[in-house]
Amino acid sequence: MEMESYHFANLGIHEELMQDLRNLESRMKEELGYEIALIAYTKEADGLPSK
């Protein structure tokens, strides 16, 4: 995956989505036995998709 063309997604105003990611991270830790960090990326430079 070519990372220089990706940027962190700006999910700050979408707390319910952030909580979904946290819940999935917790579930994965329980099932796999080690911590997983899920990271949201976008191809847009400002972290927000174009409309």
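The values are calculated or read from the model by the stated rules, or taken from the named source; none is laboratory data. From a predicted model like this one, the values you see are computed outputs, not experimental measurements. Heads up, the Cβs are rebuilt from the backbone with ideal geometry, glycines too, and the neighbour counts pull from every protein chain shown.
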Every residue from the range 21-42 that is in a loop (DSSP other than H, G, I, E, B) and surrounded by fewer than 10 Cβ atoms within 10 Å (Cβ to Cβ): Gly33, Tyr34, Glu35, Ala37, Ile39
Residues within the range 1-15 that are of a type in the set (Ser, Thr, Tyr) and either surrounded by 13 or more Cβ atoms within 10 Å (Cβ to Cβ) or modelled with pLDDT of 90 or more (or both), tallied: 1
Of the criteria (1) modelled with pLDDT of 95 or more; (2) outside any loop (DSSP other than H, G, I, E, B), which one Met18 fails: (1)
